[in-house]
Amino acid sequence: MTNETRYWPPERTDDGVREAASALAAGGVVAFPTETVYGLGGDARNEEAVEKIFAAKGRPSDNPLIVHLASAADAEALASAVSPLERKLMERFWPGPLTLVLPVRPGAVSPRVTAGLDTVAVRVPGHELARRLIAASGCPVAAPSANRSGRPSPTRADHVLEDLNGRIDGVLDGGPTGVGLESTVVRVLGGAIHVLRPGGITAEQLRAAAGD
């Protein structure tokens, strides 16, 4: 844990992205805005960083984390296979609030991220500041919501500070995130889309994107 949480206000966005990205690359944990809620990010490949996420949140260790990417192309480094239907969903909904559960490439992320499963949940956030941060860090960023487990998901930087000040390395303030509806989580099996968690993308939108 950390004793002091840094805060980067909107008027220091460029400095904030650079410094927060350096913290992520060094194994720190940083909160940042997405189009859904604020996420608490750490390098998904770094087991110590992932442990810090679980410790800060008080999150059960058997609960997998979603990995946030700067672009759809980055999914190739984490997934051992991507089906044509999964590619279609990426093209339609990324960047955006859709998380795809894909077969994980061995060794691509810390086993704590996947909770020991043979799949990894990935998405490309729709918030431009989030993508800038992830790209600058050079890391796939594991990021659950930036709150203590059991508390409401934060939609503002001050919500994060109220909950996690002193427990994380920094907060990058990108303003309010919106309604706070989290990403839809889906898995494609046997050519069918299974919704594992409802969220910002509806079943009707998924059905329309899949076509036949």
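Which one of these is aliphatic (A, V, I, L, M), more than 22 Å from Val104 (Cα to Cα) and under 16 Å from the mean Cα position of the chain (by Cα): Ala121, Ala143, Ala210, Ala130?
Just a single option satisfies the conditions, and that option is Ala130.
Can Gly200 be described as at pLDDT below 95 and either at positive phi or not β-branched (Val, Ile, Thr) (or both)?
yes
Considering only segment 6-24, I want to know if a residue exists there that is in a loop (DSSP other than H, G, I, E, B) and touching a Ser or Thr at 6+ places or on another chain (Cβ under 9 Å).
So far as segment 6-24 goes, no, none of its residues is in a loop (DSSP other than H, G, I, E, B) and touching a Ser or Thr at 6+ places or on another chain (Cβ under 9 Å).
Of the residues that sit in segment 1-37 and are surrounded by fewer than 18 Cβ atoms within 10 Å (Cβ to Cβ) and of a type in the set (A, V, I, L, M), which one is farthest from the chain's Cα centre (by Cα)?
Only one residue fits best here, namely Met1.
Which is touching a residue at least 60 places away in the same chain (Cβ under 8 Å) and open to solvent by less than 60 Å² (accessible area, probe 1.4 Å), of Gly166, Gly191?
Being touching a residue at least 60 places away in the same chain (Cβ under 8 Å) and open to solvent by less than 60 Å² (accessible area, probe 1.4 Å) holds for just one of Gly166, Gly191, which is Gly166.
Which of the residues that make up segment 126-154 are closer than 25 Å to Ile201 by Cβ, hydroxyl-bearing (Ser, Thr, Tyr) and out of contact with any strand residue (DSSP E or B) (no Cβ under 7 Å at 6 or more places or on another chain)?
Listed by number, the list holds a single entry, Ser149.
Just give me the residues in segment 94-128 being open to solvent by less than 10 Å² (accessible area, probe 1.4 Å) and either among the hydrophobic types (A, V, I, L, M, F, W, C) or free of Cβ contacts under 8 Å to residues at least 40 places away in the same chain (or both), in sequence order.
Leu98, Leu100, Leu102, Val113, Val120, Val122, Val124
Which count do you get for residues in segment 38-74 that are outside any helix (DSSP H, G or I) and either open to solvent by less than 10 Å² (accessible area, probe 1.4 Å) or of a type outside the set (Val, Ile, Thr) (or both)?
The qualifying residues number 22.
Quick check on segment 59-74. Is at least one of its residues modelled with pLDDT of 95 or more, charged (D, E, K, R) and more than 16 Å from Val160 (Cβ to Cβ)?
yes
Of everything in segment 78-115, what is assigned to a helix (DSSP H, G or I) and either within 25 Å of Arg59 (Cβ to Cβ) or acidic (Asp, Glu) (or both)? Give them in sequence order.
Hits for segment 78-115 are Glu86, Glu91, Pro111, Arg112, Val113, Thr114.
Is at least one residue of segment 167-186 out of contact with any strand residue (DSSP E or B) (no Cβ under 7 Å at 6 or more places or on another chain), more than 30 Å from Gly27 (Cα to Cα) and among the basic types (Lys, Arg)?
no
The values are calculated or read from the model by the stated rules, or taken from the named source; none is laboratory data. None of these values were measured; they are calculated from a predicted model. Neighbour counts are summed over all protein chains in view; Cβ atoms, including those assigned to glycine, are modelled from backbone coordinates with ideal geometry. Calculation scope for accessible area: heavy atoms of the full protein, side chains included, ligands and nucleic acids excluded. Shrake-Rupley method; radii C 1.70, N 1.55, O 1.52, S 1.80 Å.
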